[in-house]
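Chemist: Have a look at the structure that comes next, please.
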Amino acid sequence: MTSQTNLEPLAKALAQFPVEHFDEEYETSGDHHRMAAQHFSAAAKHHVLAATADDDGDEQSHARHAYLAYQHQLNAVQYAEIAALNCENMEEELTEENFGI
């Protein structure tokens, strides 16, 4: 399996996130969700590249892509948390009564 074959599904997934969504300032929950998605997608890309480098025995490339994947994952989680915290009705929806507790 070649690197290009591994990346084809990822390229198709990334194509659904137009670049213009990520060039603007992000202030709404939707913007934060989009930024989280972009970073999760980038993390996935670097994980695939790290795996390919590991399979090829390229330790330097493996380490670089693993680190970049980790950094994107951290950023993605941060944006996802901000988006979740910005949900106005979240406290009302997440009461114990709604979960039957």
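Chemist: Using beta carbons and a limit of 9 Å, which pairs, at least six apart or on different chains, have the first residue in region 57-71 and farther than 14 Å from His39 by Cβ and among the charged types (D, E, K, R) and the second one modelled with pLDDT of 95 or more and surrounded by 12 or more Cβ atoms within 10 Å (Cβ to Cβ)?
Modeler: Listed pairs, sorted by first residue: Asp58/Thr52; Glu59/Ala53; Arg64/His46; Arg64/Leu49; Arg64/Ala50; Arg64/Ala53.
Chemist: Among the candidates Asp54, Asp23, single out the residue that is among the charged types (D, E, K, R) and modelled with pLDDT of 95 or more. Give the derivation first.
Modeler: Working: Asp23 fails: modelled with pLDDT of 95 or more.
Of Asp54, Asp23, the one residue that is among the charged types (D, E, K, R) and modelled with pLDDT of 95 or more is Asp54.
The values are calculated or read from the model by the stated rules, or taken from the named source; none is laboratory data. The structure displayed is predicted, hence computed values, not measured ones. Ideal geometry is used to build each Cβ from the backbone, glycine not excepted, and the neighbour counts take in all protein chains shown.
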